[in-house]
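Shown next, in structure tokens, is the structure this report addresses.
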Amino acid sequence: MKKILTLPLKNQWFEMTKAGIKKEEYGEINSYWFKRLVLDYKEVADYYSINPNDDSQIQGYCSVPFWRKTTAFIPFYYNLMLLDYPKLTDAEKIIKLEHKGIEIRTGNPEWGAEPNKLYFVIKHGKIIK
């Protein structure tokens, strides 16, 4: 069953996303995002002898190019972007976007990523009405 990926954003990133400028979001390489984004993360952790609660082990796993390309991510139905934490009736503060996948790679510093740092990169498509 496909899930919805919900991400609260600060005003700057929300407005850039709404305007179609910012096409991706960044999740730190840590246990929180690993568990939230990686499909069957427990099986991946067991197979590679990674403690899914140890950020340094997850960072080591994600730094290997082969694993970056072969890691399977949850197939989200769409990305729901929120300006902070709005009421569900506040449509101006909610954007529904096509989910275009997730990668492990560096991000765009103009969009909030630190240079040369690996992230879980959540890619957006068009706005869904």
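A few points about this structure:
- One residue from Ile4, Ile104 being β-branched (Val, Ile, Thr) and in contact with a Lys or Arg (Cβ under 7 Å, 6 or more places away or on another chain): Ile104
- Filtered residues of the range 60-88 (kept if surrounded by 15 or more Cβ atoms within 10 Å (Cβ to Cβ), in contact (Cβ under 8 Å) with a residue 40 or more places away in the chain and either touching a Gly at 6+ places or on another chain (Cβ under 6 Å) or polar (S, T, N, Q) (or both)): Asn79
- Test: Lys69 is modelled with pLDDT under 95, out of contact with any helix residue (DSSP H, G or I) (no Cβ under 8 Å at 6 or more places or on another chain) and outside any loop (DSSP other than H, G, I, E, B): yes
- Criterion: among the basic types (Lys, Arg) and closer than 17 Å to Glu28 by Cα - qualifying residue of Lys129, Lys123: Lys123
- Residue match in the range 89-110 (condition: in contact with a Leu (Cβ under 7 Å, 6 or more places away or on another chain), buried (at least 17 other Cβ atoms within 10 Å of the Cβ) and among the hydroxyl-bearing types (Ser, Thr, Tyr)): no
- In the range 14-35, the residues that are within 29 Å of Ile128 (Cα to Cα), touching a residue at least 12 places away in the same chain (Cβ under 8 Å) and part of a helix (DSSP H, G or I): Phe14, Met16, Thr17, Lys18, Trp33, Phe34, Lys35
- Hey, Tyr26 hydroxyl-bearing (Ser, Thr, Tyr), at pLDDT 95 or above and within 18 Å of Glu98 (Cα to Cα) or not: yes
- Residue check for Ile58: in a loop (DSSP other than H, G, I, E, B) and in contact with a helix residue (DSSP H, G or I) (Cβ under 8 Å, 6 or more places away or on another chain): no
- Looking across the range 36-55, the residues that are loosely packed, with under 12 Cβ neighbours inside 10 Å and part of a loop (DSSP other than H, G, I, E, B) come down to Asp40, Ser49, Asn51.
- Residue-level check: of (1) in contact (Cβ under 8 Å) with a residue 12 or more places away in the chain; (2) closer than 21 Å to Lys123 by Cβ; (3) of a type outside the set (Lys, Arg), Pro52 misses just (2).
- Taken residue by residue, the range 39-50 has at least one member that is under 14 Å from the mean Cα position of the chain (by Cα) and at negative phi.
The values are calculated or read from the model by the stated rules, or taken from the named source; none is laboratory data. Everything numeric in this text was worked out from a predicted model, so none of it was measured. Positions of Cβ are backbone-derived with ideal geometry, glycine not excepted, and every protein chain shown enters the neighbour counts.
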